[in-house]
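Every number in this text was worked out from the coordinates using simple rules, so none of it is lab data. Not measured: the values here are computed from a predicted model. Reconstructed Cβ throughout: ideal geometry from the backbone, glycine too, with neighbour counts over all protein chains shown.
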């Protein structure tokens, strides 16, 4: 009954198998090896066009370096108030960008709206040096609340970004989960909707350590290898990262693990609702945010379930936990089994 | 006949085996897992005292973050002119330290001497704000020329550093190779000789991606987790790094791979000398720097040998390559076989 | 009728006179001159204790460098959402601190309250590396809304800061105006109320270019000269800055100019209210924020009055401008005359 | 007998007079005032073309920000080993550029040669991410040794810079002194010889605090106002800086003060040679580097002469001070009188 996070499991079998398979012989270091080149080709195929792809060590590094590629002195980045870049990266984006400011855009369930974004940007008119200047917009797909932007919603945010001539970044730490939900192509969910640069996360969906910055805006990718190296994010034996990506992509493995995780989340949500509980927001990826009585939560913990409290204070009034309730976060992944889900639901007693 | 570098091979069997072994079940993320804790204990045992150990993504990150822990506005770091921090890290140390300056200290074969260090430091007297201020001394063990500082030499550099109240950092990308050569304990080669902080490299000696910053100066380690995270160097599934360290250390595997690599280097050097060649400097770890006729180098390349030219312009007059000679670098590792060495030496024809 | 800002006038007579008086002979550069030393003594006297004072080029530099002295990797600074450090410094604080994050604390009329501060800080519990860590609290005295913290209010914010072991910074761009209002001593308004470091602004109150960082926390001042120089903020002929401070302080000139500016602001406010207008908030220093009909504003502009619109969207509901109203900012200074005020009030016609 | 530096005097009469003259009335802040605009026009006239000029607080800021405008992640700046940017700016250039590395180019008497520059650059071939990449070349005119590059010498350095596609920066802290020596136009000494960006210093030659970054490369100047503000270098009452420039330029005052200072330096040098002394290098601007017996130096000091020892260790063998000699630096400025020179020479006794 482990629903603590999607980074508590190890690597999926196909990923581990690829890593083992490539552990022989010599290969050039620092991304000059044939496997890294072959994975780059796979990215081109997946996105149906030439992309510039750079493997890095962590999702935080991917986000911060992607934003750094567009940073300006006095630059301002717009992101959701609950976004990972704003809340969970210990100022890595601020540091890597030479002090760009991250402005929190409000919005329900992790999503900015064109209006909330436009309103936040309006505080930074062009040409007022004191306030700094707009530099980028960053959205998260799927969001920190497990919701997913539709293609139209992404395009609408792009329109706002483009109206101020700044790029659109997508934090895709849970890219595959969102993709599985939308059922569209990777190209549709990114550059065709206006995304300029993507943090492509594979770690949460079945790798050990496989993250990449993917540029659709090839001009902005120029010189990115120096940004990566200056941050200490160029692996010497990059083969170990590339091998994971090979295993991740082959035979559509990544789509399978994401679809599985999403399905487990839906199962959980249905069961919770059947037991009289509710969820804070729609379940659209691999996260469920149940609102339960605190007594239920304690009971679940006592039974060994791993799940965490989540700040619910910014939820809309109609949803916000009451004094004896608690908002929780549950995350599923490739390793989650239906037995885990059943065990959890069996433990969950109706609120009394 | 691959002697290109010690980061061209994959992972040693014991390392890969540990990684596979730990690929099951759930474990807390972000270094809160039991395996990371257990590896931290192993570090304590190896160094015969409490140390503060932080796993990071790359050797460059380890060096830059270690120096950042001691950085000061206007700070100056002293290192050998050929050192990795100075030459091969794309300004990562300068960036992570908020612009500290790295001053190149001269010295034969990759080694600073107390005199050369003292002389370089003398240009930065205390209290002259314009010049900045001394911040740290960084030595590399084994050096970029495959030489090894003796314990007395380390202690002598420490004395100079201490005379200016700055810490001594050791870049241990090839720590095990140096240790094997000296035959001393890890404690002797580090804190007992005055080292305050160590970049402990395991990647070159048989891991995929296993680097750590090890503080003997526990006070300086306070808050280092923020420095690491701010740099994007905190792994979510750190277990994969910890597992490699477990395999690396168990049964003295790391000492075995290092001793083997060193032995292969010595074999190479002897064979080259037997063939009438010479080496630029003593072979004290896993690197050999032969000086050969250019025609010999071309012949070796044509036969498929992988080895690179190395800048020999700063070598002492008596050794520097003549116009028809070339200085080369050859690196051995855990995967180098005596058959590789024999094949190379059989291909090497005496200069004519 | 120029009420555009308190940085549109030149230097007050006493300041200009001191600058002229000290324009002869030679003096050591880079703050080693006797005049800089003498001004440092004056600061000690004014604050009734030893302080460490560093003259810098601008108020933005003073704020950013003061915060940099307390910066930490992953550090978070708490300030009012309308504060100069947050809104008007083009990310200089973020840059100088190596990417510290500035968190906007809400509060009416430019003032944080202990509750709003505590609530903002609670999102950054100790020990959660992802969120970063609390680093400092910065308040502005007088605030951007021309209001003034009472001594008790300052002490209450200090208590919150101290509960998290972080220092209290005061942005004193309008220090003298606030001091004049409170009628207390400089010591009372700063270190006795818990302020650790002060940006002491003299430019707005009658200097050309005279700003200083004043540390009451002498330990934190150690090495600050390197921070200043690294930012390019050490004047060679610092005498020109020191001379301005001498003229500023002598014979209580600074208190006189501040009292005069404050009095002019009160005159303005009374006149505006007499004409049926209202002000957005209490007038406690040298700024007035009238809320007028847009037609009145246009009429004033047509008559040559210099004053600006000010964003009033965050004002409390009961005060916020209606659709045909506009919030304006008027600033008085040493050069404002009662004739200016009269001319303005005579031009101001009652709303129709 | 004060020859300590050219920043020990105050402001020249014409500069002080302009500052006084402009101390009345109101003017927009933050460089929007008519005087700043008028001074910008004067720069256009002086350089016979459109330039982009930005006033800043210090020469260090001018240099560091100019280099920051061309900075790249992993960037490397080439400058003379004795240059101010390398030796005397407390890492401000490294900080402002996000950690660019300053590489010391050797050369006699403060001057790089095309060969020494090319050789230094050759260690940074294009495309080797580990080493970083070339970013800029910075020369000082006049140099730290009081020598002056000829127009051909500047053009030759430009050719080397252009061969690697990097800009040429000129640190013109003593621009006027060099200009006076060459007798050419400001345009000839800068953009016509290939200079892309200039730190135009006026402080040493008669201002209190007047420094500017002048771009001939207008594209690179885009957004520079954000770099300046992010560094805390945008004056609110910029009028006080602009007024100094007005007084500096009017009636050719700046050329007069520079010519005077240069003439005083030549007088000094002649007198020293006449007394049997020698100078370390040609006297081409307003600095003299006498090599005297230590006993002579002590005698001069005892008589109240202000002059400093200067490190002579890198001088060519034929010139380097012997054990009983000392290399000194003497600087003249607008305030130096022939009486000062005579008094000094009268005090100087022949070595015995």
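Compute the semi-axes of the equivalent ellipsoid of the protein assembly as shown, taking the square root of 5 times each eigenvalue of the Cα gyration tensor, and list them largest first in whole Å.
Three semi-axes, in Å: 52, 47, 26.
Nm distances between the label at residue D:324 and the same-position labels in the remaining copies, 7 Å along Cα→Cβ, shortest first?
5.4, 9.7, 10.0
What's the ranking of A:244-251, D:311-318 by average number of surrounding C-beta atoms within 10 Å, highest first?
Working: A:244-251: 21.9, D:311-318: 11.1.
Result, highest mean Cβ count within 10 Å first: A:244-251, D:311-318.
If we hang a label 7 Å off Cα along the beta carbon direction at residue B:13, how far is it from the matching labels on the other copies, in nm, shortest first?
2.5, 9.2, 9.5
For the pair residue D:151 and residue A:115, how long in nm is the line joining their label points, each one 7 Å along Cα→Cβ?
According to this spin-label approximation, the distance is 6.6 nm.
At q = 0.19 Å⁻¹, what base-10 log of I(q)/I(0) does the Debye formula yield for the stretch D:254-347 when every alpha carbon is treated as an equal point scatterer in vacuo?
Debye output, listed in q order: -0.87.
Which whole number gives the average count of other chain Cβ atoms within 10 Å of the Cβ atoms across peptide B:132-140? Present the calculation step by step, with values, prior to reporting the outcome.
Working: counts 10, 5, 0, 0, 0, 0, 0, 0, 0.
Partner Cβ neighbours, averaged per residue: 2.
How many partner chain Cβ atoms sit within 10 Å of a residue's Cβ in peptide C:3-12, on average, as a whole number?
6
Looking at chain C, send over the antiparallel percent of its DSSP beta bridges, to the nearest 5. Spell out each step's value before the answer.
Working: 19 of 38 bridges.
For chain C, the DSSP antiparallel bridge percentage is about 50.
For the rotation bringing B onto C, which B residue has its Cβ nearest the axis, and at how many Å?
Smallest Cβ distance to the axis, with its residue: B:98, 3.
Using helices alone, what [θ] at 222 nm do you get for chain D, with -39,500 (n - 2.57) per DSSP H run of 4 or more residues, divided over all residues and rounded to the nearest 500?
On the way: 14 runs with 134 residues, N = 352.
Computed ellipticity for chain D at 222 nm equals -11000 deg cm²/dmol.
When a footprinting reagent is the concern and you count Cβ atoms within 10 Å, what order do A:264, C:16 take, fewest first?
With the sparsest Cβ surroundings first, the list reads C:16, A:264.
For the protein assembly as shown, what is the percent of antiparallel DSSP beta bridges, rounded to the nearest 5?
Values: 76 of 152 bridges.
Of the beta bridges lying entirely in the protein assembly as shown, close to 50 percent run antiparallel.
In nm, give the distance between the simple-model label positions of residue B:302 and residue C:303, each being 7 Å from the Cα along the Cα-to-Cβ direction.
9.7 nm
I'd like the projected area of chain D, averaged over all directions, using the convex hull of its alpha carbons. Report it in nm² with one decimal.
17.7 nm²
Let me test this: with uniform point scatterers at the alpha carbons of the stretch B:192-260, what is the Debye-based log₁₀ I(q)/I(0) at q = 0.27 1/Å?
Log10 of I(q)/I(0), two decimals: -1.21.
Put a label point 7 Å from Cα along the Cβ direction on residue A:342, then list its distances to the equivalent points in the other copies in nm, shortest first.
Label-point separations across copies, in nm and ascending: 6.0, 9.3, 11.1.
Any chance you could check the Cα centroid distance between the stretch B:188-203 and the stretch A:1-72 for me, in angstrom?
Between the Cα centres of the stretch B:188-203 and the stretch A:1-72 lies a distance of 31 Å.
Taking each residue in C:156-166, count the Cβ atoms of any other chain within 10 Å of its Cβ, then average. What number comes out?
Details: counts 0, 0, 0, 0, 0, 0, 0, 0, 0, 0, 0.
Rounded to a whole number, the mean comes out at 0.
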